[in-house]
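What follows is one structure encoded as structure tokens, with my remarks underneath.
The values are calculated or read from the model by the stated rules, or taken from the named source; none is laboratory data. Keep in mind the model is a prediction, meaning the values are calculated, not measured. So basically every Cβ, Gly included, is an ideal-geometry build from the backbone, and we count neighbours across all protein chains shown. Note: areas computed on protein heavy atoms with side chains; ligands, DNA, RNA excluded. Shrake-Rupley method; radii C 1.70, N 1.55, O 1.52, S 1.80 Å.
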Protein chains: 2
Amino acid sequence: MSKIAIVIFDKFTDVDLWLMWDLLNRVRVADWSVKILGEKESHVSATGISIQTHGRVEEANDADAVLFVSGQGTRDRIADENWLAKFNLNSEKQFVGSICSGSLILAALGLLEDVTATTYPTSKTALESFGVEIVEKPFVAHGNVATAGGCLAQQYLIGWIIENLADKSWSDLILKSIQPIGEGLFFSDAENLTKLYAPVVKRQTV
Amino acid sequence: MSKIAIVIFDKFTDVDLWLMWDLLNRVRVADWSVKILGEKESHVSATGISIQTHGRVEEANDADAVLFVSGQGTRDRIADENWLAKFNLNSEKQFVGSICSGSLILAALGLLEDVTATTYPTSKTALESFGVEIVEKPFVAHGNVATAGGCLAQQYLIGWIIENLADKSWSDLILKSIQPIGEGLFFSDAENLTKLYAPVVKRQTV
């Protein structure tokens, strides 16, 4: 059983939820669960799109992987002690990751102490204020905690999650499946891609 | 005034809506409108996410640009004569584009006659059945009609739309804004990126 939680909030960056959501849902292995969690029944994105959540943020404490999205809303979240207190994450047992300014939440939860991290250019100063040493890389992982910066760096973050919770063959196929035609994805991949639409099977290899 | 319509339907591929939606909403010029259109008040994605539409598909006939998303649902759409008959697109006056299997809808609407096109590997055979000559490229444009293949090829499609309806400086900045840190987007871009969060201004240059 692999339980993955994506935590959202009001004013989240749309693509930073949906790219990871879509990729994680392409894994066709048994007992693979992906949920969008929030503190309300629905949250409104930065562009005004209302999205229903699948559960409350407290469920993240019981997940195998917890991913934080980004957006202007992260500034309100890191200032909300009641919201932060709902989390009791354990990076010894859980994978925890963020995209762009989601790194501010990881820092506010004390998960980036004494490690390097990355973030979005416009949230670099805010992350530095937590004492985090920032590196100009798309993806930085230390043990079970990882940060990614720049929307499309979700590919590194989600590849890392899938490789750890499923296996590298799934990660490779899923990341390939979204590449532009002729630039990583080819018409000759058609048969292989059908595995992403197949019924879920018990064995965990592609 | 620039009116952009994104046409969705049941069983659409999540990221093929949200990447283009998010990118198009980063343009901060006056009278720039992006709407998600459908034949119902809401549609359900391939992964089960319910999304409210902003209007009916007939509004696409009056838009400056019309973009078709992809997904398993395209097979039902191209078999639904009533749905196809709602469209009266004019590629002399409108930009029309598709991502992945959205190309099947362009073909069914007669917009790919005597031109080359691209699509997703798993929809190549179906597109060929319309007599379309397919090329293994991420983006193919002929006049005002363009097809893109592979989810991330939305970058070419949306860049083309923004360059034509706003200008190249907006297209360049917006495409840069989603690149991975250190691989196209850098911390030194922070100030430039704030233009994407600024209030809408009348002039159309960055």
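Quick grid of which residues meet (1) open to solvent by 50 Å² or more (accessible area, probe 1.4 Å); (2) within 29 Å of A:W32 (Cβ to Cβ):
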position	(1), (2)
B:S45	no, yes
B:A79	yes, no
B:K86	yes, no
B:S103	no, no
B:G110	no, no
B:Y120	no, yes
B:Q155	no, yes
B:I158	no, no
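Scanning segment A:88-101 for residues being buried (at least 16 other Cβ atoms within 10 Å of the Cβ) and either more than 17 Å from A:L165 (Cβ to Cβ) or under 11 Å from the mean Cα position of the chain (by Cα) (or both) gives a total of 7. Scanning segment B:152-164 finds no residues that are within 14 Å of chain A (Cβ to nearest Cβ), without any contact (Cβ under 8 Å) to a residue 40 or more places away in the chain, touching a strand residue (DSSP E or B) at 6+ places or on another chain (Cβ under 8 Å) and among the polar types (S, T, N, Q).
Assess whether B:V69 counts as being on the phi < 0 side of the Ramachandran plot, within 14 Å of chain A (Cβ to nearest Cβ) and open to solvent by 20 Å² or more (accessible area, probe 1.4 Å). The answer is no for B:V69.
Filtering segment A:157-199 to residues that are within 20 Å of A:P138 (Cα to Cα) and among the aliphatic types (A, V, I, L, M) leaves A:L157, A:I158, A:I161, A:I162, A:I174, A:L175, A:I178.
Considering only residues that are out of contact with any helix residue (DSSP H, G or I) (no Cβ under 9 Å at 6 or more places or on another chain), within 23 Å of A:L84 (Cα to Cα) and more than 9 Å from every other protein chain (Cβ to nearest Cβ), which ones fall in segment A:12-50? Answer for segment A:12-50, where residues must be out of contact with any helix residue (DSSP H, G or I) (no Cβ under 9 Å at 6 or more places or on another chain), within 23 Å of A:L84 (Cα to Cα) and more than 9 Å from every other protein chain (Cβ to nearest Cβ): A:K40, A:E41, A:S42, A:H43, A:V44.
The selection criterion, being within 27 Å of A:Y156 (Cα to Cα), part of a loop (DSSP other than H, G, I, E, B) and under 18 Å from the mean Cα position of the chain (by Cα), does not hold for B:I158.
Kindly indicate whether A:G182 is within 11 Å of chain B (Cβ to nearest Cβ), more than 21 Å from A:C100 (Cβ to Cβ) and not basic (K, R). Against the criterion (within 11 Å of chain B (Cβ to nearest Cβ), more than 21 Å from A:C100 (Cβ to Cβ) and not basic (K, R)), A:G182 qualifies. Looking at segment A:1-109, the strands (runs of 3 or more DSSP E) lying wholly inside it that each contain 3 or more residues that are under 23 Å from A:Y156 (Cα atoms), without any contact (Cβ under 8 Å) to a residue 60 or more places away in the chain and touching a Ser or Thr at 6+ places or on another chain (Cβ under 9 Å) sit at A:32-38. Could you list all residues from segment A:165-179 that are part of a helix (DSSP H, G or I) and away from every other protein chain (no Cβ under 14 Å)? Of everything in segment A:165-179, those that are part of a helix (DSSP H, G or I) and away from every other protein chain (no Cβ under 14 Å) turn out to be A:L165, A:K168, A:S169, A:W170, A:S171, A:D172. Under the condition of being open to solvent by 50 Å² or more (accessible area, probe 1.4 Å), facing chain B (nearest Cβ under 7 Å) and part of a helix (DSSP H, G or I), the residues counted in segment A:185-198 number 1. Of all residues in segment A:124-143, exactly one satisfies the criterion of being within 13 Å of A:S98 (Cα to Cα) and of a type in the set (G, A, S), namely A:A141.
Within segment B:131-151, if we keep just the residues that are outside any strand (DSSP E or B) and open to solvent by less than 30 Å² (accessible area, probe 1.4 Å), the residue that is farthest from the other protein chains (Cβ to nearest Cβ) turns out to be B:V132.
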